[in-house]
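In what follows, a single structure is set out as structure tokens and then discussed.
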């Protein structure tokens, strides 16, 4: 029914039954149905809201996980023992080129062998230190530990074996230059006493 006929019928009708026959009823029903469908669609549209809540819950878990992740390395670092950080002889200075050599300290290993920390002068680097195992049987080993952080961690130059290349019962490491705050020690082991600690005290 077009608008003009609808308005004419409305003007002529005064009863409820007559009104129900008019075209105005359909739009009212359509209007009622429209919001209902929109509400249903809106309910469907609320799914992302529920997902967002789930994400918020997941986000609550992530900070806890992150806190644990951050804490773990700190605990690992605190638990890490002092020790060797790498195997390095620094500038690898040849002891044969040094002069004015001296014994800094030594420690006996068994009955005859000695772990000796020695130092001397190098024309390029100045004062240098090296480790020397002395009067040791064949296959004894020697290495030089040197630290720049108060002996918390250290570099290790070696190990080197008594193999006859520097004498039947001797072996030296490379020398490492001294700088302010750097400390050194000589360590050695002999075959028949592998568990005996052959490390000197730290110097200088």
Original post:
Which of the residues belonging to region 139-159 are within 14 Å of residue 190 (Cβ to Cβ) and crowded, with 22+ Cβ neighbours inside 10 Å?
Top reply: 140, 142, 143
Original post:
Quick one: residue 102 ticks every box in (1) under 38 Å from the mean Cα position of the chain (by Cα); (2) part of a strand (DSSP E or B); (3) at pLDDT 95 or above bar one, so which box is it?
Top reply: (1)
Original post:
Can you find a residue in region 71-83 that is assigned to a strand (DSSP E or B) and modelled with pLDDT under 95?
Top reply: yes
Original post:
Consider residue 136 against the criteria (1) buried (at least 19 other Cβ atoms within 10 Å of the Cβ); (2) not in a loop (DSSP other than H, G, I, E, B): it satisfies all of them except one. Which criterion is unmet?
Top reply: (2)
Original post:
On the given criteria, is residue 124 outside any strand (DSSP E or B) and under 29 Å from the mean Cα position of the chain (by Cα)?
Top reply: no
**OP:** Can you give me the number of residues within region 158-194 that are within 9 Å of residue 140 (Cα to Cα) and assigned to a strand (DSSP E or B)?
**Re:** 6
Original post:
Scanning for something at positive phi, buried (at least 18 other Cβ atoms within 10 Å of the Cβ) and touching a residue at least 40 places away in the same chain (Cβ under 8 Å), does region 180-199 turn up at least one residue?
Top reply: no
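The values are calculated or read from the model by the stated rules, or taken from the named source; none is laboratory data. Bear in mind that the values here come from a model prediction, so they are computed numbers and not experimental data. No Cβ is skipped: glycine too gets one built from the backbone with ideal geometry, and neighbour counts run over all protein chains shown.
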